[in-house]
Amino acid sequence: MSEWLVLTLAMAAACAVVLTIVVINNRRIPEDDDPSETPDVIEYMTMMIGVVYAIVLGLAIAGVWEARSAAQETVRQEAQALHEISARAEVYPQAVRERIRADVDAYVSYVVEEEFPHMAEHGELTERGRELLEQVRRGVTDYQPANDFEGQAYQPLVDQVAVADDARGARGQSAGETMPGVVWFGLIIGALVTVGLIFTLQIRRTGRELLLAGLFSALIAFLLFLIWNFDAPYGRGISATAGPFTDLFPRLTD
């Protein structure tokens, strides 16, 4: 099912539930009821709870967005390091240079075509990807420089392999969901409480009040969906992509 369809259904369901409860409650109100008798403390508590929940939602959205941005930066660092390995191998003999570049190309192709879809589905890296990166490492470290010129390029190449390995490890750590279950529990309970406080203010069935109640509950549903959508940096909606790999190695995606 499309994620946007899920969002539409969730927002519509939230509006429908709230409006249904409002209509049912309104039918049970006695004729002599006076809405102006709502205690001022209730209005104050409603306002404060709404403010606190808005802050919590803002922090949650900022947290998952930062995690998503960090995941994308990790992909960029890994792709850039591999690109540097392929470029700096130019100083080596042709056979060595071609072997290193072939290993890098094989790893990049696998990451783009196989590992990213696997991460999106399972939230983890693959053993095959680790083996291909290890093959790149052996291709770089096993060669013994034949002269000073090649020797000056050797250590930077080894360092770039280490950068790529470190970035790959960070990519694996951020592959799953970032929000703990207890945080989701608090967000959902907070949403129920915040929306439920609408009824403490004795909302009526006027068009304006019904519209505001529906929009408010739809907004809460949208913000929760936004957090859920960003929660898995590689797995949902606006997720981190393999774009840096395809940008730096365009020949592999033609």
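Each reported figure results from applying straightforward, stated rules to the coordinates on display, with no laboratory input. Note that the structure is predicted; figures quoted are calculated from it, not measured. Backbone-built Cβ (ideal geometry, glycine too); neighbour counts: all protein chains shown.
Sorted from fewest to most neighbouring beta carbons within 10 Å, what does the list 92, 154 look like?
By the 10 Å Cβ count, ascending: 154, 92.
Pull out the extension gain between residue 147 and residue 8, defined as 0.36 nm times the separation in residues minus the alpha carbon to alpha carbon distance; nm, one decimal.
43.5 nm
Taking the Cα centre of segment 156-212 as the origin, how large is its charge dipole in debye, to the nearest 20, when only Lys and Arg (+1) and Asp and Glu (-1) carry charge on their Cβ atoms?
580 debye
Against the longest alpha carbon principal axis of the chain, how many degrees, from 0 to 90 and to the nearest 10, is the axis of helix 207-231 turned?
In the chain, helix 207-231 runs at an angle near 20 degrees to the longest axis.
So if I take the centroid of the Cα atoms in segment 44-97 and the same for segment 101-153, what is the distance between those two points in Å?
21 Å
Please give the helix 94-110 orientation as an angle from the longest Cα principal axis of the chain, in degrees from 0 to 90, rounded to the nearest 10.
Compared with the principal axis, the helix lies near 20 degrees.
222 nm [θ] for the chain, helices only, -39500 (n - 2.57) per DSSP H run of 4+, per residue, to 500?
Computed mean residue ellipticity for the chain: -25500 deg cm²/dmol.
Cut-off 10 angstrom, C-alpha nodes, Gaussian network model of the chain. Which of 194, 74, 206 fluctuates the most?
Looking only at 194, 74, 206, the biggest GNM fluctuation is shown by 206.
What Kirkwood Rh does the chain have if only Cα atoms enter the pairwise 1/r average? Answer in Å.
Computed over the chain, the radius equals 22.1 Å.
Would you tally the net charge around residue 67, using a Cβ to Cβ cut-off of less than 10 Å, leaving residue 67 out, and scoring K and R as +1, D and E as -1?
Result for the neighbourhood of residue 67: -2.
What does the charge dipole of segment 77-178 about its Cα centre add up to, to the nearest 20 debye, if the Cβ of each Lys and Arg holds +1 and the Cβ of each Asp and Glu holds -1?
The dipole magnitude comes to about 240 debye.
Below 8 Å, C-alpha to C-alpha, sequence gap of six or more: please give me the relative contact order for segment 25-156 in percent.
Once normalised by length, the contact order is 20 percent.
What are the ³J(HN,Hα) couplings of segment 178-191, residue after residue, when phi is run through the Karplus curve with 6.51, -1.76, 1.60 and θ = phi - 60°? Round to Hz, x for glycine and proline.
Result, ordered by residue: 9, 8, x, x, 5, 5, 4, 4, x, 5, 6, 4, x, 5 Hz.
Quick one: helix 127-141 against the long Cα principal axis of the chain, what's the angle to the nearest 10°, folded into 0 to 90?
40 degrees
Pop the C-beta distance of residue 206 and residue 185 into the FRET formula with R0 = 25 Å and round what comes out to the nearest 0.05.
0.10
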